[in-house]
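These notes are about the structure you will find just below.
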Amino acid sequence: MNILIYCQHVVGIGHLCRMLEIIKALSDHKVTLILGGPPVDIAFPPHVRIVQLPGLMMDPEYTRMFPVDPGRSLEETRHRRKEILLDLVQDIRPDVLFVELYPFGRGGFHFELGPFLSAVRTSTHPPCPIVCSLRDILVEKKHQQEYEQRALDRLAPFDAVLVHGDPKVIPLDATFSRTLDIKIPVVYTGYICRRPKQGDREHIRKKLDLKSGEKLITVSAGGGSFGYRILEAAVTAHAVLQSSTIKMQVFTGPYLDEKKFTELTHLAAPGATVERFSDNFPAWLAAADLSISMGGYNTTMNVVAADTPALVFPYGHDREQGLRAEKLTRFTDLKTLTEQDLEPALLARKITGMMGRQNRMPEVQLDGAKQTAAFLINLRPTS
């Protein structure tokens with residue numbers, strides 16, 4: 001089967017990381033992945049062909065779009081991207097097109113996605129099914145009613161919406177009030193996550209030479225663009241604990257400012273190690289007795305899949321991380337942190353209080369990548 005995927009990262013790479021897990025589950029099929037953001041240091045599987053559009057980014061407030069290549073104008077970049085996308089329709093002739101977030105997001109890319117979807121619909125015979133890939137929570141908009149109507153209008157070329165979540169945790173209508181007005185199937189796939197492998201916990205703990213009774217805390221902040229506050233607080237709280245039996249492994253993310261990375265290494269007390277990232281983060285979560293992190297989709301669901309008690313500090317720019325963390329507290333051993341909780345002595349007490357808690361495997365759907373792949377594979381162009 002020939003599967004075409006459009007994925008546009010603009011600030012972080014969370015959507016792309018989820019898409020990578022879906023692509024891995026499509027290993028028996030030919031996948032063409034269209035990328036439109038800045039270059040990423042990700043190893044893609046051999047069954048994937050990458051088509052890199054001239055890059056576009058947005059500022060962290062999502063108010064301004066600009067080219068990745070400073071030598072190109074925005075108008076030139078947009079024009080060239082449209083050309084490449086329209087040429088791809090004839091070149092690839094996909095059996096299925098899978099589009100990340102749009103039309104529930106990526107509205108700034110309607111200039112290319114509108115014509116692209118229309119071309120896919122009219123130029124493939126029989127018509128190629130088009131499917132939307134949607135995160136569990138949609139970010140609130142300033143003009144919510146107009147946004148929801150626009151999303152519904154732009155769903156016209158689509159055949160299905162796949163929601164990468166579990167409706168008993170967060171149904172789509174919690175953040176999109178007109179879900180019942182969607183006239184195509186809305187399918188919940190379960191959450192997409194990376195699970196640790198059998199033996200990962202023992203391997204990491206042996207590597208660290210952890211003795212019986214010694215504890216391990218993993219601290220992370222996704223890509224690192226916005227996470228310095230929780231990283232600094234966790235490292236400082238660990239120093240306050242002054243415990244030789246509690247080790248801490250910090251992963252800052254690749255995008256943390258170099259100066260701040262250096263500051264963290266200086267703050268780290270004995271028993272705390274600060275690194276940029278791990279190629280096998282789920283293994284570290286499995287080995288940990290506690291995770292401290294922000295509340296992004298990927299990190300949170302990896303923590304849940306590892307069945308590790310967690311303290312989560314949601315990013316406050318919008319409702320997404322806080323809402324997810326709040327809902328998951330019903331299903332897993334996860335507690336949220338406020339800004340006040342990051343005071344070193346208070347955070348140290350919260351860490352100590354979480355250490356004796358028992359893991360409990362959550363009753364949450366966590367096989368989203370597999371279920372998404374199965375849905376796409378079972379689609380066939382309709383005559």
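Computed from the coordinates by the stated procedures, all read-outs in this text should not be read as laboratory data. All values derive from a computational prediction rather than experimental measurement. As a convention, Cβ positions derive from the backbone with ideal geometry for all residues, glycine included, and neighbour counts pool all protein chains shown.
A few comments on the model shown:
- A cut-off under 15 angstrom between Cβ atoms defines the neighbours of Thr236, and their net charge, with Lys, Arg +1 and Asp, Glu -1, is -1.
- Per residue of the chain, the DSSP helices (runs of n ≥ 4 H) give a summed -39500 (n - 2.57) that works out to -11000 deg cm²/dmol at 222 nm.
- Sequence of Ile34, Ile377, Ile42 once ranked by neighbouring C-beta atoms within 10 Å, starting from the fewest: Ile42, Ile377, Ile34
- Read-out Kirkwood radius over Cα pairs in Å, derived from the coordinates shown; its label in (i) 24.3; (ii) 22.0; (iii) 23.5: (ii)
- Residues Asp173 and Lys211, FRET efficiency given R0 of 56 Å [Cβ-Cβ distance, rounded to 0.05]: 0.65
- Length-normalised contact order for the range 200-355 - Cα pairs under 8 Å, 6+ apart - percent: 25
- For the pair the range 157-184 / the range 279-345, the C-alpha centres are spaced 24 Å from each other.
- Computed as a quarter of the hull surface, the mean projected area of the alpha carbon convex hull for the range 200-355 stands at 8.3 nm².
- Given +1 at the Cβ of Lys and Arg, -1 at the Cβ of Asp and Glu and no other charges, the dipole of the range 258-308 around its Cα centre is 160 debye to the nearest 20.
- Projected label distance in nm at Thr338 and Asp307, using a 7 Å step from Cα toward the beta-carbon: 3.3
- Remark on Arg276: its backbone amide H falls under 5 Å from those of Thr252, a criterion applied only to residues 5 or more positions apart or on other chains, H modelled at 1.01 Å from N.
- Antiparallel bridge percentage (DSSP; both residues within the chain; nearest 5): 5
- The chain: relative contact order as a whole-number percent, Cα under 8 Å and 6+ apart: 16
- Dipole axis of the chain (+1 Lys, Arg; -1 Asp, Glu on Cβ), positive-most option in Pro314, Phe44, Gln340: Phe44
- Here r is the Cβ-Cβ distance between Gln145 and Glu83 and R0 is 45 Å; the resulting FRET efficiency, rounded to 0.05, is 0.80.
- Residue by residue, the range 277-291 carries 3J(HN,Hα) couplings of 6, 10, 6, 10, 4, x, 5, 5, 5, 5, 6, 7, 8, 7, 10 Hz when phi is fed to the Karplus relation 6.51 cos²θ - 1.76 cosθ + 1.60 (θ = phi - 60°); x denotes Gly or Pro.
- By other beta-carbon atoms within 10 Å, ranking Asp209, Asp318 with the fewest at the front produces Asp209, Asp318.
- When +1 charges are put on Lys and Arg Cβ atoms and -1 charges on Asp and Glu Cβ atoms, the dipole computed for the chain relative to its Cα centre reaches about 600 debye.
- Each Lys and Arg contributes +1 and each Asp and Glu -1, all at the Cβ; summed about the Cα centre of the range 200-355, the dipole is approximately 280 debye.
- Contact order normalised by residue count of the range 12-82, Cα under 8 Å, 6+ apart, percent: 23
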